[in-house]
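**Student:** First the structure, which I've put down as structure tokens, then a few questions once you've had a look.
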Amino acid sequence: MNIFRTKLTPHSEEGTGLKRCLSAFDLVLLGIGAIIGAGIFVLTGIAAATTAGPAIILSYALAGVACSFAALSYAELAASIGGSGSAYGYAYAGLGEIVAWIIGWDLILEYGVGASAIAIGWSGYVNDALLSIGLSIPSYLFKTYAEGGFVNLAAMLIVLVLSGILVIGVKQSVRFNMLIVFIKLTTIAIFIGAAIMDVQPVNWTPFMPFGWVGIVEGAALVFFAFIGFDAVSTAAEEARNPQKDLSIGIMGSLGISTLIYIIVSGLLTGIASYTTLNTRSPVAEAILNLGHKVTADLIAVGAIAGLTSGILIFLYGMTRIFYSMSKDGLLPFAFSSVHRKTHTPVKVIILNGLVMSLVAGFVPLREVAELVNIGTLAAFVIVCISVIFLRYTKPNLPRPFKTPFSPLIPLLGILSCGYLMLNLPWITWVRFIVWMLLGLIVYILYGYSHSKISNVRVSK
């Protein structure tokens with residue numbers, strides 16, 4: 001059986017029921033909505049306390065550099081190939097069906113579990129907000145069994161509610177995201193204004209308590225904070241001018257978000273000892289401990305808003321990946337249907353919303369975040385490989401945007417992302433391998449014989 005089959009036409013040449021309605025500005029906000037979320041409001045504290053200390057700013061810088069290499073590669077493929085399938089579509093056009101399946105299955109893990117991880121962080125801030133106004137909800141409804149509770153009901157509910165918003169339509173979802181992004185950027189500005197006056201340089205000593213190893217491990221953990229930019233590429237079939245706007249959306253959102261992360265992480269470890277930040281809502285708690293109750297309440301509200309947009313965009317990205325794979329026949333074709341009124345893949349959204357709500361309700365945050373990271377890093381490595389491969393196999397492919405200094409930049413992306421993968425816990429590798437083996441079984445039993453390429457081969 002020939003599993004290295006290449007797709008007959010790129011995604012950008014296929015018909016689609018999705019509606020082109022997103023501008024470059026929409027795409028930048030889409031990326032910021034996904035990137036600025038759990039990373040800044042939750043994982044910053046966890047990573048500082050457990051892996052990097054005040055050197056968390058170097059962890060963010062390292063992760064941001066690694067992401068920039070991958071982002072440039074994404075921008076080239078998004079402009080030249082397009083399609084709502086993100087890295088899946090790029091791999092299908094250049095590397096063949098089996099590689100495309102692997103990366104698509106990987107992206108389902110990345111986006112789906114990513115949405116669940118952010119939902120878990122969201123519930124922590126909601127719980128703190130309720131406690132601050134005197135409402136005490138039983139802890140077993142905000143914690144998983146492994147954390148001493150029963151189910152994270154709040155995390156489950158937010159996933160289901162936002163899935164409902166996605167059903168309504170993409171433009172409505174983007175407008176909702178735009179409002180949320182404005183709220184969370186305002187919140188971050190409030191935090192910066194409050195924190196900058198209370199920085200105690202002694203909190204930055206020792207700066208690297210866990211050494212270089214801790215910085216790298218911290219980068220591998222907070223890498224989760226950056227993965228939202230690739231969600232921009234899943235909007236290719238809904239962008240007005242994908243050849244131009246996608247590269248703006250990807251690079252613009254990544255650059256703005258990296259700068260924000262470095263500033264906030266530096267201030268956070270400056271106003272509180274890194275040893276106290278291993279909580280579910282470190283930013284709000286650090287400000288509250290300084291006596292700024294009103295500011296802490298505003299930050300909690302902004303964090304809830306920010307995490308909400310992150311969940312929304314991750315769910316959006318996952319549904320578009322699933323939709324593209326279904327459209328190609330690798331998953332049941334019924335999931336590629338688009339609602340005639342809302343122009344959204346309703347069946348996919350409902351299925352994914354139900355499954356991810358269960359993950360958010362019953363799996364602890366750290367395990368979920370690490371699983372997302374390894375899936376994301378693997379996706380970035382394949383994207384960088386695709387750029388190098390296509391430069392040699394399809395030199396005449398139109399490239400409105402070209403990755404500079406290729407193949408050096410993609411090669412650096414491969415090396416840096418691979419290095420961060422090696423610094424993830426071994427149990428994360430075990431879970432990732434099990435997931436990928438399960439995907440290979442699904443491909444052999446269903447995808448290979450039902451794909452469009454297979455149907456073309458049989459008809460001949």
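The values are calculated or read from the model by the stated rules, or taken from the named source; none is laboratory data. Not measured: the values here are computed from a predicted model. When we count neighbours, we look across all protein chains shown, and the Cβ atoms used for this are built from the backbone with ideal geometry, even at glycine. SASA here: full protein model, heavy atoms, side chains in, ligands and nucleic acids out. Shrake-Rupley method; radii C 1.70, N 1.55, O 1.52, S 1.80 Å.
**Student:** Can you put Met325, Met178, Met197, Met421 in order of accessible area, largest first, using a 1.4 Å probe? Kindly include the intermediate steps, with their values, before the conclusion.
**Tutor:** Values: Met325 0, Met178 70, Met197 155, Met421 20 Å².
So, going from the largest accessible area down, we get Met197, Met178, Met421, Met325.
**Student:** Right, next: When the label point is put 7 Å from the Cα of Ser273 along its Cα-to-beta-carbon vector, which residues of region 206-222 have a backbone N closer than 16 Å?
**Tutor:** Taking a point 7 Å out along Cα→Cβ of Ser273, the residues of region 206-222 whose backbone N falls under 16 Å are 206-210.
**Student:** Now for a different question. Ranked by accessible surface with a 1.4 Å probe, highest first, in what order do Arg431, Arg175 come?
**Tutor:** Values: Arg431 90, Arg175 145 Å².
These residues rank, largest area first, as Arg175, Arg431.
**Student:** When the helices in the chain are scored as -39500 (n - 2.57) per DSSP H run of 4 or longer and the sum is shared across all residues, what 222 nm value do you end up with, to the nearest 500 deg cm²/dmol?
**Tutor:** Helix-only estimate at 222 nm: -22000 deg cm²/dmol.
**Student:** Another one. How charged is the neighbourhood of Lys293? Take every other residue with its Cβ under 13 Å from the Cβ of Lys293, and add Lys/Arg as +1 and Asp/Glu as -1.
**Tutor:** -3
**Student:** Using a Förster distance of 60 angstrom, determine the FRET efficiency expected from the C-beta separation of Leu131 and Asn396, and round it to 0.05.
**Tutor:** It comes to 0.45.
**Student:** If each of Val213 and Lys293 carries a label point 7 Å out from its Cα toward its Cβ, how far apart are those two points in nm?
**Tutor:** Calculated label separation equals 4.5 nm.
**Student:** May I pose another question? Kyte-Doolittle cut-off 0.0, length cut-off 20 Å along the helix's own axis using Cα: show which whole DSSP H helices in the chain pass.
**Tutor:** Membrane-span-like by this rule: 56-80, 97-132, 153-168, 170-195, 242-271, 293-327, 346-362, 365-393, 408-422, 426-442.
**Student:** Mind listing which trypsin sites (Lys or Arg not before Pro) in region 240-295 are in a DSSP loop and have 16 or fewer other Cβ atoms within 10 Å?
**Tutor:** Arg240
**Student:** Please compute the per residue accessible area over the chain with all protein chains in place, 1.4 Å probe, rounded to a whole number of Å².
**Tutor:** With all protein chains present, the chain gives 37 Å² per residue.
**Student:** Go through 384-392, 245-253 and give me the packing order, highest mean Cβ count within 10 Å leading.
**Tutor:** Ranked from most to least packed, the peptides come out as 245-253, 384-392.
**Student:** Can I ask one more? For Ile137, Ile108, give the ranking by accessible area with the largest first, probe 1.4 Å. Numbers along the way, then the final one.
**Tutor:** Numbers: Ile137 65, Ile108 15 Å².
Listed by decreasing accessible area, they come as Ile137, Ile108.
**Student:** While we're looking at this one, here's another question. Modelled label-to-label distance, Val199 and Ser23, 7 Å Cα→beta-carbon offset: nm?
**Tutor:** My value for the distance between the label points is 3.6 nm.
**Student:** Let me check I've understood the local charge: for Ala284, count other residues with C-beta under 14 angstrom from its C-beta, Lys and Arg +1, Asp and Glu -1. What total comes out? Intermediate results must be reported in sequence, preceding the final value.
**Tutor:** Details: positive: Lys184, Arg280, Lys293; negative: Asp128, Glu285, Asp297.
Every neighbour counted, the sum reads 0.
**Student:** Here's a follow-up. Holding the Cα-Cα limit at 21 Å, pick out from Lys244/Lys402; Lys327/Lys394; Lys327/Lys347 the pairs that are longer than that.
**Tutor:** Lys327/Lys394
**Student:** A follow-up question, please. Which whole-number percent of Cα pairs in the chain have a distance greater than 27 Å?
**Tutor:** Pairs farther apart than 27 Å: 50 percent.
**Student:** For Phe335, what charge total do you get from the other residues with a beta carbon under 13 Å from its beta carbon, if Lys and Arg give +1 and Asp and Glu give -1?
**Tutor:** +2
**Student:** With only alpha-carbon atoms in the gyration tensor, what are the semi-axes of the equivalent ellipsoid for region 381-460, in Å, largest first?
**Tutor:** For region 381-460, the semi-axes come out at 28, 26, 7 Å.
**Student:** Can you tell me the equivalent ellipsoid semi-axes for region 304-433? Use √(5λ) from the Cα gyration tensor, largest first, whole Å.
**Tutor:** 29, 24, 14
**Student:** Which distance in Å, rounded to a whole number, links the C-alpha centroids of region 369-415 and region 317-346?
**Tutor:** One Cα centre to the other: 26 Å.
**Student:** Which FRET efficiency value, to the nearest 0.05, do you get for Trp426 and Ser337 by plugging their Cβ-Cβ distance into 1/(1 + (r/R0)^6) with R0 = 30 Å?
**Tutor:** 0.15
**Student:** Sticking to Cα atoms, compute the Rg of region 266-374 to one decimal and its Dmax as the biggest Cα-Cα distance, whole number, in Å.
**Tutor:** Just the Cα atoms of region 266-374 yield Rg and Dmax of 19.2, 57 Å.
**Student:** Something else: Carbon and sulfur: what percent of the chain's accessible surface (1.4 Å probe)?
**Tutor:** That share works out to 72 percent.
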